[in-house]
Amino acid sequence: SESLLFVFAAQLQNGEVESVQGRTYTEMEGKNITVSCSFTFTGRRMYFCKTDCSRDNILIETTDYRAQSGRYIIEFNRTGFATHVVYVSIMELKTSDSGRYRCALGRTGIRHNDFKIFVISGLDDGETMETFNRNEGENITVRCEFGYTGTKRFFCKGTCEGRNILVETTEDTDQRGRFSITYEERDIFSTDFLHVSITDLKPSDSGWYQCRSDETWTGTLYYDFYLVVTEESKSFSPSPSETIKLSEKPAAASGSS
């Protein structure tokens with residue numbers, strides 16, 4: 001299975017705590033991901049944590065050069081006189097792995113890098129783009145890709161009108177019940193992402209959905225996709241489903257303004 005490697009560095013200045021607030025990284029469920037955390041000072045003890053390194057959130061704590069606990073791995077590498085790198089990995093990603101993580105170095109773990117991982121639901125065998133199949137009780141996250149996202153973002157069932165609007169926000173992250181939006185701004189050479197999610201899926205969630213961005217440089221943009229949710233007690237032959245990357249369309253085609 002492929003893995004992604006993301007590198008970001010932290011610098012210690014004037015004896016302050018060494019810390020970097022990293023970006024959000026996206027990977028498909030079932031894949032592996034490796035993040036490289038660089039430090040200007042070292043310590044024997046390494047930590048890999050979810051959210052923060054309070055006792056209940058520590059995934060791995062070790063003084064060895066390499067350690068593994070289940071799907072989690074941490075490794076130490078000295079690349080130069082004053083540069084030390086801690087690699088942290090998660091194998092066979094699940095959508096529930098989405099969240100904020102921390103890699104830390106030192107006796108008290110005060111030198112740390114923070115980053116976020118967003119795990120996207122993957123394509124099953126026989127599935128095609130723009131239609132998604134999921135079972136009742138599961139979660140789903142769809143990544144909508146825009147050349148530029150405007151100041152107002154929507155997640156809707158059907159068209160973005162009235163009660164069809166599930167989430168409407170000007171924030172980077174917002175949630176309304178089981179429905180949420182997360183905006184991922186990337187560099188100037190890359191398209192931006194809107195991640196739209198539904199948790200605890202129900203058969204009544206089946207239908208057309210739209211993620212939409214208003215007030216962009218090119219007007220209103222949107223993506224449509226179809227979701228099929230199968231009741232847990234019933235057998236089902238999967239129809240074409242799940243998209244990871246949807247094509248951008250002008251809003252006028254949707255019939256909404």
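Rule-based calculations on the coordinates, nothing more; no lab input. Please read all numbers here as calculations on a predicted model, not as lab measurements. When we count neighbours, we look across all protein chains shown, and the Cβ atoms used for this are built from the backbone with ideal geometry, even at glycine.
Given a Förster distance of 25 Å, report the FRET efficiency between Lys152 and Glu232 from their Cβ-Cβ distance, rounded to the nearest 0.05.
The computed FRET efficiency comes out at 0.10.
Give Lys94/Lys116; Lys31/Lys202; Lys94/Lys202 a once-over and call out the pairs whose C-alpha atoms are over 24 Å from each other.
Lys31/Lys202, as the Cα separations exceed 24 Å there.
Using a 7 Å offset from the Cα along the Cα-to-Cβ direction at both Asn57 and Arg163, what is the distance between the two label points in nm, to one decimal?
4.0
Between Asn32 and Glu185, what FRET efficiency comes out of the Förster formula 1/(1 + (r/R0)^6) with R0 = 30 Å and r the beta carbon distance, rounded to 0.05?
With a Förster radius of 30 Å, E is 0.75.
What is the gain in length, in nm to one decimal, between Asp174 and Tyr65 on full extension, counting 0.36 nm per residue of separation less the C-alpha to C-alpha distance?
Taking Asp174 through Tyr65 to full extension adds about 35.3 nm, to one decimal.
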